[in-house]
Structure formats: structure tokens, C-alpha cells
Amino acid sequence: MPRVITVGAAQLGPIARADTRAQVVGRMLALMHEAKANGCDLVVFPELALTTFFPRWYFERPQDIDVFFERDMPGPDTQPLFDAARTLGLGFCLGYAELVEEDGQEGRKTRHFNSAITVDKSGAIVARYRKIHLPGHAEHEPWRRFQHLEKRYFERGNLGFPAFRANFGEGKAGIFGMAICNDRRWPETYRVLGLQGVEMILIGYNTPVHNPPAPEHDALSHFHNQLVMQSGAYQNGTWVVGVAKAGKEEGVEQIGNSIIVAPSGEIVGACTTTGDELAVARCDLDLTASYKNTTFNFAHHREPEQYRMIVERKGAVPPAKG
Ligand code: ING
């Protein structure tokens, strides 16, 4: 029996700084009910889905920053999402700002991560991921039209890129992975998951149209968004679901372009607005075998020894003589 999972890309439109968690969770619950009505087994929400994208502003005081973080997951504001998972029989992937007391090199301290969890149909958290590729900068850069201070507000993720088994109903079990926003631009993200046999990668993002360090790329923001996820899917024989926080949010235009990509690299579902919108696709996880067992049969065709030699040779090509 084919392992077909019906997936909803649950794109969110702008979230204002003044919007409460309850207001946002209400919008997410509406998308979960719509997903259920469309036969979904799993919905994917964006990165930092509970609040406005706060790294666009410079804050100094911890109390101004920590208001955007969740100390508990589920907490009182997010418990309705977990209840809905159970009552509707619908899994979800949620991106959020995670504040946690955790041991590290410097002993036990408060840690701040840009995180995502996957919750199954019973309402249980089955996997957690913490964003590794943190874009932007750490200090205030007033020359920018808006800031991108992820390197200031988050620590680099410390969980690696773990693929995990999850089950979204009878005959709907597979190997999943998560990534967050800028992670999707790096081929290593997909390959590290691909080497673990991943069959579907769940990605949320907040992507401004304008990239202050490289405004010449702005017109290509949709193209680059699709390029990286389509190539990551094809080159690793996996489904990829990319979901935006979209629209003009606190004055900053963010791309929508949420898409569901097949292991062929083809886009099989897409949002066409920049608001709250659900795109749905039936995803046959067994389709991944058509690529994993042929073109991208890593055991037969990949040459890790050759790559290792190049990596160990290190450094760029030496300058031309003379
Ligand atoms: N946002 C952006 C992203 O990687 C960015 C940052 C925008 C990088 C445009 C390059 C170009 O989609 C997050 N949150 O990572």
C-alpha cells in the first residue's frame, strides 16, 4: 500500500508586534480545521510562527527580547494547538522562539534558540530542531532599512540535523527532517538529512524581499526560494515543504511562495497569496525510492573519499603565478 501523506503548507500572513499569542493561535487553528476538511494528515507552519519577526529590530534589554520567546512548549497559549492535533487527528510542525534553561560549556544557563517541533496526531512532540544557519548580524547596523539580528538573539542550534521516524496514521509512517529558513539555502542541510534517508523535510521561513547587503538579489527572491528547495529535494530524493510567514509585516515586505516540492524537484502545491493560506498536496513517500535507488543511490554513486581529499587539501586555488 503506498505511503501517501496529505500535507498542508499553512502559510501565515503578517503578524503585528501587538498581536497576542491567542490571536495568532486562533488563525493557526482555523488553518488546522481547513486542513482537516481537506484531508490533511500533517500541516507545516512557518518559522517563528507565534510572533512578528522581531529580529528586524534592535533591542538591548533582555526583557524586551524575551517577550517573543516561549518558556514552555506547550504553554497555556499553545496548548490549543496540541489539543486540536489530538481532536482532529492532525500532526503539525511549528516554528517558535525557544527559551530554555540548559547545561552547556558555561554550566547551566538560559539559552535562546530559533526552534521547530513536529507533533504527531496524538499531540505528542516527536522531534525538535534548533536553527543552525543563523543569517544576519549581531550588532546594530543603522545603515540597513531594517535589521536582521538573528546572530544577536539566538544561539546556533545544538541538535544537529536529526532525521526522525514519525507516523501520521495507518500506512503513513516515514523518515522526516526539519530545517529553518536560512538552513534551506545551504546544500549541506539537505545532504546531511539525505544521508540519513530522509523522505520529507519540513521548513518554515521569514524571508524579506529586500536583502540589505545584496539589493541586486531582491528581484530574484522567489526564484532563489524555489531554486534551493527544488534542488535540495531532487538531489536527495526527498519531499520538501517550505512555508512562509508572508506579506507586509511591520513595514517589511516578506515573500510568500510557500511550496510543496516532490522528490522529482517539481512543485506540486503552492500558495498564491501573501496572507493566511493553505496549500495541499498528496505526498507519496514511496516516490522517493525512484531517486534514492537510481540517480541518487549514494552507496553506488557518491564518492565521499574524493570529496574528503579535496576538503583536506583545503583553501582556495592559489593565485596565478607571474
Ligand atoms: N531569513 C532569510 C532567509 O534566509 C535572507 C535571510 C534573506 C538571506 C534574503 C538571504 C537573502 O530566507 C531568515 N530568517 O533566515
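Check segment 33-42 and report whether any residue there is outside any strand (DSSP E or B), at pLDDT 95 or above and farther than 30 Å from Ala289 by Cα.
So the first thing to find is which residues in segment 33-42 are outside any strand (DSSP E or B), and the list is 33-41.
Keeping just the survivors that are at pLDDT 95 or above gives 33-41.
Add one more test, that the residue is farther than 30 Å from Ala289 by Cα, and what stays is 33-34.
Checked segment 33-42: at least one residue is outside any strand (DSSP E or B), at pLDDT 95 or above and farther than 30 Å from Ala289 by Cα.
What do you reckon, is Gly251 at pLDDT below 95, of a type outside the set (Ser, Thr, Tyr) and either more than 17 Å from the chain's Cα centre (by Cα) or under 25 Å from Gly194 (Cβ atoms) (or both)? Against the criterion (at pLDDT below 95, of a type outside the set (Ser, Thr, Tyr) and either more than 17 Å from the chain's Cα centre (by Cα) or under 25 Å from Gly194 (Cβ atoms) (or both)), Gly251 does not qualify.
Here is a yes/no grid of residues against (1) over 19 Å from Met28 (Cβ atoms); (2) outside any strand (DSSP E or B); (3) open to solvent by 60 Å² or more (accessible area, probe 1.4 Å):
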| site | (1), (2), (3) |
| --- | --- |
| Arg86 | no, yes, yes |
| Leu94 | no, no, no |
| Lys109 | yes, no, yes |
| Asn114 | no, no, no |
| Gly123 | no, yes, no |
| Gly136 | yes, yes, no |
| Arg145 | yes, yes, yes |
| Arg156 | yes, yes, yes |
| Phe161 | yes, yes, no |
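Condition (residue is touching a strand residue (DSSP E or B) at 6+ places or on another chain (Cβ under 6 Å) and under 19 Å from Val119 (Cβ atoms)) applied to segment 12-25: is it met by at least one residue? Yes, segment 12-25 contains at least one residue that is touching a strand residue (DSSP E or B) at 6+ places or on another chain (Cβ under 6 Å) and under 19 Å from Val119 (Cβ atoms). Against the list (1) within 16 Å of the ligand (Cβ to nearest atom); (2) open to solvent by 60 Å² or more (accessible area, probe 1.4 Å), the condition Gln196 fails is (1). Could you please let me know if Gly75 is touching a Gly at 6+ places or on another chain (Cβ under 8 Å) and surrounded by fewer than 21 Cβ atoms within 10 Å (Cβ to Cβ)? It is false that Gly75 is touching a Gly at 6+ places or on another chain (Cβ under 8 Å) and surrounded by fewer than 21 Cβ atoms within 10 Å (Cβ to Cβ). Within segment 225-247, residues that are farther than 17 Å from Glu199 by Cβ reach partners that are at pLDDT 95 or above and open to solvent by 30 Å² or more (accessible area, probe 1.4 Å) with beta carbons closer than 6 Å, at six or more positions or on different chains, in the pairs Val228/Arg185; Ala246/Thr274; Gly247/Pro14; Gly247/Thr274.
The values are calculated or read from the model by the stated rules, or taken from the named source; none is laboratory data. No experiment lies behind these values; they were computed from the predicted model shown. Positions of Cβ are generated from backbone atoms using ideal geometry, with glycine treated the same way; all protein chains shown enter the neighbour counts. For the accessible areas, the whole protein counts, side chains as well, though only heavy atoms, and no ligand, DNA or RNA atoms are used. Shrake-Rupley method; radii C 1.70, N 1.55, O 1.52, S 1.80 Å.
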